[in-house]
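Colleague: My structure is below; once you've seen it, I'll send some questions.
Derivation of every value follows stated rules applied to the coordinates shown; laboratory data play no part. As the structure is a prediction and not an experimental result, all values here were calculated from the model. Methodologically, a virtual Cβ is constructed for each residue, glycine included, from the backbone with ideal geometry; neighbour enumeration extends over all protein chains shown.
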């Protein structure tokens, strides 16, 4: 049995973005450090980044600006205009018990290290969390962004 590529796993696990929320996969690429997939619909952007070294899937949700995904500034301060927030912060607000840790934190004996299905299982948990905790955002309801802005800027306040 051939093990699917990471790109294929992402496309399969996040297919609901296309079928249920009218997103389009507009960019997908791999680098030596990881992989990135970007989905857009008319008002929302979803950027999925997997970093090999971190063994973690970072998912950012963006309010599009004039139909374009505009990244947050690299250095965020209290006056920064933020357009995107992490799924992790959404989950911290809605149900912190469902946060996923980096794969290595579960140990090499975890099901995430199963050669055939481990990566698919790991990615599927993120996809399910996106469906479960960010459906309103995926539909274009950005009312939670105000609370997320406070969380991000509080975190920045504590960085020397």
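Colleague: Find the Cα radius of gyration of the chain, compare it with 2.2 N^0.38 Å by division, and give the number to two decimals.
Modeller: On the way: Rg = 15.9 Å, N = 160, 2.2 N^0.38 = 15.1 Å.
Expressed relative to 2.2 N^0.38 Å, the Cα Rg reads 1.05.
Colleague: Extension gain residue 75-residue 132, at 0.36 nm per residue separation less the Cα-Cα distance, in nm?
Modeller: Contour length minus the Cα-Cα distance gives 17.5 nm.
Colleague: Taking the Cα centre of each part, how many Å lie between region 84-160 and region 15-41?
Modeller: Distance between centres, Cα-based: 17 Å.
Colleague: Related question: Report the label-to-label distance for residue 30 and residue 121 in nanometres (one decimal), using points 7 Å from each Cα along the Cα→Cβ vector.
Modeller: Placing both labels 7 Å along Cα→Cβ, they lie 2.2 nm apart.
Colleague: Hey, another quick one. Sorting check: for 40-46, 16-22, 104-110, which peptide has the highest mean count of neighbouring beta carbons within 10 Å, and how do the rest follow?
Modeller: Working: 40-46: 19.3, 16-22: 14.6, 104-110: 11.3.
Final packing ranking: 40-46, 16-22, 104-110.
Colleague: Right, here's the next one. Report the residues of region 106-150 in range of a label on residue 97: point 7 Å along Cα→C-beta, backbone N strictly under 19 Å from it.
Modeller: From region 106-150, the list is 125-126, 128-134.
Colleague: Let me ask something additional. What does the extension gain come out to for residue 104 and residue 156, with contour length at 0.36 nm per residue minus their alpha carbon separation?
Modeller: On the way: separation 52, 0.36 × 52 = 18.72 nm, distance 2.65 nm.
Value of the extension gain: 16.1 nm.
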